[in-house]
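The values are calculated or read from the model by the stated rules, or taken from the named source; none is laboratory data. This is a predicted model, so every value here is computed, not measured. Quick reminder, even Gly has a Cβ in these numbers, built from the backbone with ideal geometry, and neighbours come from all protein chains shown.
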Amino acid sequence: MKKIIAGVIGALVVVGAGAGLWIFLDSSAAAASVGKVKISATQVDGTVKAIIAERKTVSTTGMQLAVGPALNAEALNFYIISTLLAQTAAANNVTVTEAQVKTRSAAILTQQGSAAKLKLGEVSSSIASKDFPGYVREILYVEGLTALVEKQGTAAANSSTAVQDLVRQLAIKAGVKVNAKYGTWDATQVTVVPPGTASSTTPTPAPTK
């Protein structure tokens, strides 16, 4: 499921597991901001804790699961990308309704075959069940933006790049700031890079007025 979005905006990538302890950051601090939108560490920690708890309910044998700083970065990335996609969609008059989210969620459940198989998919993609509707909303935003750029004349083969560019430009305009405890913001790849991991760019600065 996460790969559907990753293939379009290059942001939601499952990081390979590595050695280390689970890390919970100070929940009193802000984790990141997208323009005027603040993302709290409490939100991110809630997602991380939910993911870890749900991993204990299924067999994770053979799964490559992010841990420690990589998992924290993934969880924060979910909130940042959700915000960026919502703002990009709004700026381009693309809307997604709750009814659409429920319909697609039901379709994904049917496609998976059972709630148990859906749970395995969520765990393998480091998606907390409570955040699943948010990921479905992201998919619908991406599809809506893809339809938009294609209607405007972009070839289907280039639509993924066009949508990624829309999201990237909005991120630059809004300004994305990430608490250094979570890593840095890679403006080119539109993703949070965990601490100690090489990034292709420096964090996106807030626009000057």
Checklist entry - Which ranges mark the helices (runs of 4 or more DSSP H) fully within segment 1-94 that have 3 or more residues being buried (at least 17 other Cβ atoms within 10 Å of the Cβ), at pLDDT 70 or above and aromatic (Phe, Trp, Tyr)? => result none
Checklist entry - What number of residues within segment 108-133 satisfy the criterion of being of a type outside the set (S, T, N, Q), surrounded by 18 or more Cβ atoms within 10 Å (Cβ to Cβ) and not in a loop (DSSP other than H, G, I, E, B)? => result 5
Checklist entry - Under 6 Å by Cβ, and 6 or more places apart or on different chains, what pairs join a residue from segment 129-147 that is touching a residue at least 40 places away in the same chain (Cβ under 8 Å) and within 18 Å of Ala99 (Cβ to Cβ) with one that is hydroxyl-bearing (Ser, Thr, Tyr) and not in a helix (DSSP H, G or I)? => result none
Item to check | Selection from segment 134-152 of residues that are charged (D, E, K, R) and surrounded by fewer than 17 Cβ atoms within 10 Å (Cβ to Cβ) | outcome: Glu150, Lys151
